[in-house]
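Working notes, beginning with the structure itself.
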């Protein structure tokens with residue numbers, strides 16, 4: 001019998017790479033650059049280790065599902081009330097992540113391409129992601145296969161071009177840090193970049209074999225994404241220096257706007273970057289919406305899918321539209337660090353404990 005799984009190894013690799021592309025290019029460089037005066041690759045390495053630990057905890061939890069979905073398995077283990085308590089921070093996290101991603105992309109379009117277009121109109125792009133999420137996981141996976149190949153090639157080309165006019169001395173110190181980032185809340189605010197495995201864990205059934213395969217694919221995707229993440233952080237610093245980069249709202253986007261070579265066919269590389277990132281953003285918003293809708297459906301089985309996704313669309317769209325400013329959005333990201341740390345490290349431990357207790361009770365019941 002074939003082991004059920006949410007994704008194949010390649011599909012997991014593609015989705016996690018798309019997740020990194022959607023989350024790393026806008027807010028993350030600003031948070032990281034402002035969080036330390038030392039080498040930037042060190043906090044990146046620390047978060048990489050944290051992401052591997054978090055995903056390993058999730059894989060251990062998923063290995064106990066025995067072909068079931070995570071939410072339904074925990075519900076059958078501890079009941080609806082405790083499952084709702086356990087998953088409430090997860091639901092809040094997913095809603096917040098959608099709001100941040102949607103508003104961030106709308107802001108970047110306003111700043112770079114369509115300065116007179118209302119945010120309320122640009123936020124309407126969520127509708128396409130909602131339609132894709134409502135269609136199910138297979139359309140998302142098929143889109144991920146295509147988007148991954150297209151977006152990765154364009155992103156790689158942009159990064160290579162970006163390194164053509166940098167000053168390497170501006171990146172110092174390269175190997176020194178005093179650990180100041182560990183005391184800066186902006187370092188922890190960047191945790192959203194490292195949570196891709198937590199989202200895919202909510203979708204589809206898993207077995208012990210498929211959970212291990214998913215973790216290996218995630219680890220490979222994380223290693224492959226590190227050069228892209230480092231490029232998003234270091235390219236602005238190597239161009240503008242540390243002080244100026246810390247003052248920029250979107251350092252990498254500003255970097256793209258400064259590139260000019262006579263041999264480049266396209267004049268506006270920023271527009272190309274924003275257009276390519278749309279592929280990342282639309283699909284990852286669809287993935288998050290699907291994970292959120294699937295979770296709500298399991299907790300409220302009598303609710304119709306159409307009404308669930310319509311309600312989620314209205315909540316996310318309204319919140320993203322009525323946020324007063326970009327600085328307020330950054331403030332919200334910093335304030336919700338605790339929820340994301342709970343999702344990364346505490347939730348898989350609690351979920352694993354619930355599944356272990358249920359399995360032991362089941363074993364005792366069969367013995368008696």
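The values are calculated or read from the model by the stated rules, or taken from the named source; none is laboratory data. Given the structure is predicted, the values throughout are model-derived calculations rather than measurements. Positions of Cβ are generated from backbone atoms using ideal geometry, with glycine treated the same way; all protein chains shown enter the neighbour counts.
Here are the numbers for the structure shown:
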quantity	calculated
Boolean, residue 204 is in contact with a helix residue (DSSP H, G or I) (Cβ under 8 Å, 6 or more places away or on another chain), modelled with pLDDT under 90 and under 27 Å from residue 295 (Cβ atoms)	yes
Answer residue from region 174-204, given it is more than 20 Å from residue 219 (Cα to Cα) and outside any helix (DSSP H, G or I) and is nearest to the chain's Cα centre (by Cα) among those	184
Residue satisfying condition, being farther than 20 Å from residue 155 by Cα, out of contact with any strand residue (DSSP E or B) (no Cβ under 7 Å at 6 or more places or on another chain) and without any contact (Cβ under 8 Å) to a residue 12 or more places away in the chain, within set 247, 216, 242, 212	247
Selection status of residue 232, over 20 Å from residue 21 (Cα atoms), touching a helix residue (DSSP H, G or I) at 6+ places or on another chain (Cβ under 7 Å) and buried (at least 22 other Cβ atoms within 10 Å of the Cβ)	no
Long-range neighbours under 8 Å by Cβ, at least six apart or interchain, first residue without any contact (Cβ under 8 Å) to a residue 24 or more places away in the chain within region 107-130, second surrounded by fewer than 14 Cβ atoms within 10 Å (Cβ to Cβ)	110/117; 122/114
Failed item, numbered, when residue 141 is tested on (1) surrounded by fewer than 22 Cβ atoms within 10 Å (Cβ to Cβ); (2) within 22 Å of residue 46 (Cα to Cα); (3) within 21 Å of the chain's Cα centre (by Cα)	(2)
Residue in region 256-264 that is modelled with pLDDT of 90 or more, buried (at least 22 other Cβ atoms within 10 Å of the Cβ) and out of contact with any strand residue (DSSP E or B) (no Cβ under 9 Å at 6 or more places or on another chain) present	no
Selection within region 41-70 - more than 27 Å from residue 225 (Cβ to Cβ) and in contact with a helix residue (DSSP H, G or I) (Cβ under 6 Å, 6 or more places away or on another chain)	64
Unique residue being in contact (Cβ under 8 Å) with a residue 24 or more places away in the chain, farther than 18 Å from residue 186 by Cα and within 21 Å of the chain's Cα centre (by Cα) when the list is 315, 337	315
Checklist (1) over 30 Å from residue 356 (Cα atoms); (2) surrounded by 18 or more Cβ atoms within 10 Å (Cβ to Cβ) applied to residue 77, failing item	(1)
